[in-house]
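Single-structure report; data block below.
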Amino acid sequence: MTDLDEVPSDAFLKVETHGIDAIPDAERHGHPRELGFLWAGAFVNYASLLTASLLTTYYGLGVWDGLLAVLIGTLAGAVILGLLSNTGPNSGQPQIVFTRRIFGNRGAYPGAVLTLFLGVGWFAVDTVIAALAGVQLLQVAGVRPEFAAKFLFPWVLVIGAVSVIVAVYGHRTIKIFETFGAVAFALFSLMLFALLAGQMHWTAGATATAGDYPGAFVLGVMSCFALVASWYPFASDYSRYLPATSSVRAVTWWPIVGVTLPMILLGLFGLLLPTIDPKLASQSGVLAVITQHAPAAVAVPFFAFVILGEIWANYLDVYTAGLVTQTLGIRLKRWQTALAAGILGAAIATVAVVIWDFHLFYQDFLILTYLWAPAWAAVVLLSFFVFGKGKARPAVLAWVFGTAVSFAFVNYPNLFAAAFPGAHYPNQFLIDALHGADTSGIASVVVSAATYLVLRRVMA
């Protein structure tokens, strides 16, 4: 079969008929390389650029040390995502459904609830990003800033509606849109990068100094790791149609490539953009920098593809949210649950643009939503690759304990500085000792993996 071959249950612009049931061998199709394009489509968007821009705008890193932090965090996260993708061809099941054989039916429920929160939350974040890009597009097109800002809510509604409509169709439609959309967005990003390159300060160094610098570097690494880790519960949702004979190496490798290359390229762009106008970037974000400093002829189509890129990312968000809703036992069809998840995400997006400063909200969202996922992934991978099967009680206990320990390493002062200035937290001494480094993701993986290895032996 070619990459665009399809089966009746999973055809382009037709509503996918499968829900959380395992995909039969006769309906398996495609090649592992499709995962590279799909995940590239998920990461070739403004969220990747925005995440990298945090490192120079807010954390105090320079351009090239910031790029190293992006590379380390992204690659570490992408390796785990690629490994998790192998559960799809093996079982034909969505990721959370697969984990029933590891955590047990009841033990998988918390993961389903948390994944639903991730899917809906990312839908809200991506919708707000697209709406903000829509406002900037209007300004570049000549609309007065104060008048363009009034279109924020209409943008949210339109983008949310379009995202849900396509996600209702399902797997094959998502794959095709992601593949061709990623190429188009990458081309416009390259054009914009070339036009702005002369205004960028390529040798901008770190502003964090002395002991604060290692903390800032680790925080940058973990922010990029968190961006990838938040996709862990989605992994096999998009690999389950692959034949069971698919190469483990290829199924692992292609998601790594699809995630890492866009993050490195867009990461460099995101690190350099704030150097053009640091004050504007810190006050209004890097979209505003593009509006002020890029030629309108390129900025307009770029913003248009920012909007489309976030819609493409939303396909994945609401598709998985629909699947995990079914996993919770809600008796609706997949397209119906996808529709409900999209409506909820659009509602959260509307509230987000009213109440919160979006850039602070995004930083907090990145850290808080992924805290449980690394510990969960460690247990799943050990069960799948090392032991061949799970043991529910040790698996659940290890996951819970690893997640609980991770909370001691969260940089709460950084997360909640705007809402609670000057507040002190129980782990303040530890965060001060680490100079602000948030090592919660590392702690959760190490602790959960070690705990699981011990408990499997003790509770045999």
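The values are calculated or read from the model by the stated rules, or taken from the named source; none is laboratory data. All values derive from a computational prediction rather than experimental measurement. Note that each Cβ is placed from the backbone with ideal geometry, even for glycine, and that neighbours are counted across all protein chains shown. Note: accessible area is taken over every heavy atom of the protein model, side chains too, but ligands, DNA and RNA are not part of it. Shrake-Rupley method; radii C 1.70, N 1.55, O 1.52, S 1.80 Å.
Data overview
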item: All helices (runs of 4 or more DSSP H) inside the range 378-460 with 3 or more residues being closer than 20 Å to Leu81 by Cβ and either at pLDDT 95 or above or not hydrophobic (A, V, I, L, M, F, W, C) (or both); result: 392-406, 440-458
item: Checklist (1) within 26 Å of Gly345 (Cα to Cα); (2) of a type outside the set (Gly, Ala, Ser); (3) open to solvent by less than 30 Å² (accessible area, probe 1.4 Å) applied to Phe103, failing item; result: (1)
item: Candidates Leu38, Leu67, filtered to the one that is under 26 Å from Phe217 (Cβ atoms), part of a helix (DSSP H, G or I) and touching a helix residue (DSSP H, G or I) at 6+ places or on another chain (Cβ under 9 Å); result: Leu67
item: Val44, sole failed condition from (1) within 20 Å of the chain's Cα centre (by Cα); (2) within 29 Å of Gln283 (Cβ to Cβ); (3) of a type in the set (Val, Ile, Thr); (4) at pLDDT 90 or above; result: (4)
item: Test: Thr87 is modelled with pLDDT of 95 or more and either touching a Cys at 6+ places or on another chain (Cβ under 7 Å) or farther than 30 Å from Ala244 by Cα (or both); result: no
item: Every pair of residues 6+ apart whose Cβ atoms lie under 8 Å, when the first sits in the range 292-311 and is outside any helix (DSSP H, G or I) while the second is open to solvent by less than 20 Å² (accessible area, probe 1.4 Å); result: Ala294/Leu192; Ala294/Leu196; Ala294/Phe302
item: Count of residues meeting criterion [open to solvent by 30 Å² or more (accessible area, probe 1.4 Å) and either closer than 16 Å to Ile343 by Cβ or free of Cβ contacts under 8 Å to residues at least 40 places away in the same chain (or both)] in the range 118-141; result: 1
item: Selection from the range 114-157 of residues that are β-branched (Val, Ile, Thr) and farther than 29 Å from Tyr370 by Cβ; result: Val140, Val143
item: Residue among Asp364, Asp317 that alone is charged (D, E, K, R) and modelled with pLDDT of 75 or more; result: Asp317
item: Some residue of the range 220-227 being within 19 Å of Gly41 (Cβ to Cβ), in a helix (DSSP H, G or I) and touching a residue at least 12 places away in the same chain (Cβ under 8 Å); result: yes
item: Test result for Phe234, open to solvent by less than 20 Å² (accessible area, probe 1.4 Å), of a type outside the set (A, V, I, L, M), in a helix (DSSP H, G or I) and in contact (Cβ under 8 Å) with a residue 60 or more places away in the chain; result: yes
item: Which listed residue, of Leu280, Leu287, Leu272, Leu266, is assigned to a helix (DSSP H, G or I), more than 26 Å from Gly121 (Cβ to Cβ), open to solvent by less than 20 Å² (accessible area, probe 1.4 Å) and modelled with pLDDT of 85 or more; result: Leu272
item: Failed criterion for Gly73 (all others in (1) within 14 Å of the chain's Cα centre (by Cα); (2) of a type outside the set (S, T, N, Q); (3) surrounded by fewer than 24 Cβ atoms within 10 Å (Cβ to Cβ) hold); result: (3)
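Yes/no matrix, rows are residues, columns are (1) farther than 20 Å from Ser236 by Cα; (2) surrounded by 15 or more Cβ atoms within 10 Å (Cβ to Cβ); (3) at pLDDT 80 or above:
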residue: Leu4; (1), (2), (3): no, no, no
residue: Asp21; (1), (2), (3): no, no, no
residue: Asp25; (1), (2), (3): no, no, yes
residue: Ser48; (1), (2), (3): yes, yes, yes
residue: Gly62; (1), (2), (3): yes, yes, yes
